[in-house]
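The values are calculated or read from the model by the stated rules, or taken from the named source; none is laboratory data. Predicted model, so just to flag it, every value in this text is computed and none were measured. Please note: Cβ atoms are built from the backbone with ideal geometry, for glycine as well, and neighbour counts cover all protein chains shown. These accessible areas exclude ligands, DNA and RNA; they are computed on the full protein's heavy atoms, side chains included. Shrake-Rupley method; radii C 1.70, N 1.55, O 1.52, S 1.80 Å.
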Amino acid sequence: PSDTRLFGLSCTSSSACTAVGYSPNATGELRTYVQRWNGTSWSVQTSPNPAGAYEAQLYSVSCTTSTSCMAVGGWREPTDVSSGTLTMSWNGTSWTILTTPQPPFTGTIPHLTGVSCSASTACTAVGGYGGEDFTHGAIVQRWNGTSWALQSSPSSPNGDLVAVSCPTAVKCIAV
């Protein structure tokens, strides 16, 4: 569809790539959007959206195998009363929304913009939050194969971290 945007891409081989982003539905609400490359053509994959979300967007994806991917982004309700970070996993058959801890800040719109997985049990996601009171901060979350946990993060001049790369389970660099 027009206005579809792809922001993240991860390939595990020349015949296994996943791209993520968002696409508006018929009423203009933004929905998660995933495409898969099989070496010959791209196909759209069904991807879930948080219940009650007016906007749900994916910004980054990291795949460790053709059957193991993690995608991250954010969502919000029409009135911005509720919003949150969004993580989804691919098991080779379907995408599933994972429970993600939300930053303990009120009046903010949190989002995850980067993810890197060195293994299916070791992912780091980064992003940020911003509020109407102009507070900003970085978000770092860690996946251990079972659950996501908020991590401490250093101060960032503009608040957000936008990308991360993790060559091993215990070494990551974020910008």
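From the set of residues in region 108-122 that are farther than 15 Å from V140 by Cβ and of a type in the set (V, I, T), which is least open to solvent (accessible area, probe 1.4 Å)? Ranking the candidates gives T108 first. Of all residues in region 32-66, those that are outside any strand (DSSP E or B) and not β-branched (V, I, T) total 12. Exactly one residue among G73, G39, G28 is farther than 22 Å from A119 by Cβ and touching a strand residue (DSSP E or B) at 6+ places or on another chain (Cβ under 8 Å), and that residue is G39. Say whether the condition of being farther than 23 Å from S165 by Cα, β-branched (V, I, T) and either surrounded by fewer than 21 Cβ atoms within 10 Å (Cβ to Cβ) or in contact with a Lys or Arg (Cβ under 8 Å, 6 or more places away or on another chain) (or both) is met by at least one residue in region 72-80. Yes, because at least one residue in region 72-80 is farther than 23 Å from S165 by Cα, β-branched (V, I, T) and either surrounded by fewer than 21 Cβ atoms within 10 Å (Cβ to Cβ) or in contact with a Lys or Arg (Cβ under 8 Å, 6 or more places away or on another chain) (or both). Filtered by the rule that a residue be modelled with pLDDT of 95 or more, among the small types (G, A, S) and closer than 16 Å to T96 by Cα, region 26-53 gives a lone residue, S47.
Could you list, in sequence order, the residues of region 1-59 that are surrounded by fewer than 19 Cβ atoms within 10 Å (Cβ to Cβ), of a type in the set (D, E) and within 15 Å of the chain's Cα centre (by Cα)? Listed by number, the list is empty, since nothing qualifies.
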